[in-house]
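Undergrad: Have a look at this one.
The values are calculated or read from the model by the stated rules, or taken from the named source; none is laboratory data. Keep in mind that what you see is a predicted model, and the values were worked out from it rather than measured. Here the Cβ positions follow ideal geometry from the backbone for every residue, glycine too, while neighbour counts run over all protein chains shown.
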Amino acid sequence: MSSEDFTRFDRLNAAYRERFGFPFIIAVRDRTKHEILSAFEQRLRDDPAVELPTALNENAAITRMLQEFLSWLVRHVQKIRLLR
């Protein structure tokens, strides 16, 4: 990440935390840097009553992705054990 990108993310994150009282959260898988920045800027303009459910939905998406990964990992560890 360039220093300009870092500065932009840092500035947006500080503004977001100041406005909503919690850190910006977004499921980044399959999203470009530009998509993430665009979402950041759009969500900063949202009403807090809209943003909280959006943040919770993003958190749920991240949780699902983690759960999928852990399920995949367990299946593969079990296969490796069976091959021994």
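Residue by residue, here is whether (1) surrounded by 11 or more Cβ atoms within 10 Å (Cβ to Cβ); (2) aliphatic (A, V, I, L, M) holds:
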site: Met1; (1), (2): no, yes
site: Ala15; (1), (2): yes, yes
site: Arg19; (1), (2): yes, no
site: Thr32; (1), (2): no, no
site: Glu35; (1), (2): yes, no
site: Phe40; (1), (2): yes, no
site: Leu44; (1), (2): yes, yes
site: Val77; (1), (2): no, yes
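Undergrad: Look through the range 1-24, keep the residues that are under 22 Å from Ala61 (Cβ atoms) and not in a loop (DSSP other than H, G, I, E, B), and return whichever of them is modelled with the lowest pLDDT.
TA: At the first step, the residues of the range 1-24 found to be under 22 Å from Ala61 (Cβ atoms) are 9, 12-13, 16-17, 19-24.
Filter again for not in a loop (DSSP other than H, G, I, E, B), leaving 9, 12-13, 16-17, 19-20.
Working: Phe9: 91, Leu12: 95, Asn13: 95, Tyr16: 97, Arg17: 97, Arg19: 96, Phe20: 97.
Checking each candidate, the answer is Phe9.
Undergrad: Follow-up. Does Glu51 satisfy being surrounded by 14 or more Cβ atoms within 10 Å (Cβ to Cβ), part of a helix (DSSP H, G or I) and either of a type in the set (Asp, Glu) or at positive phi (or both)? Break it down into steps so the answer makes sense when it comes.
TA: Details: surrounded by 14 or more Cβ atoms within 10 Å (Cβ to Cβ): yes; part of a helix (DSSP H, G or I): yes; either of a type in the set (Asp, Glu) or at positive phi (or both): yes.
Here the answer is yes, as Glu51 does meet what is asked.
Undergrad: Sticking with this one: Tell me, please, whether a residue that is surrounded by fewer than 10 Cβ atoms within 10 Å (Cβ to Cβ) and either at pLDDT 95 or above or among the charged types (D, E, K, R) (or both) can be found in the range 65-73.
TA: no
Undergrad: Mind checking which residues of the range 25-48 are in a loop (DSSP other than H, G, I, E, B) and without any contact (Cβ under 8 Å) to a residue 24 or more places away in the chain? Steps first, answer last, please.
TA: Here is the first cut: in the range 25-48, the ones in a loop (DSSP other than H, G, I, E, B) are 25-32, 46-47.
Answer for the range 25-48, where residues must be in a loop (DSSP other than H, G, I, E, B) and without any contact (Cβ under 8 Å) to a residue 24 or more places away in the chain: Val28, Asp30, Arg31, Thr32, Asp46, Asp47.
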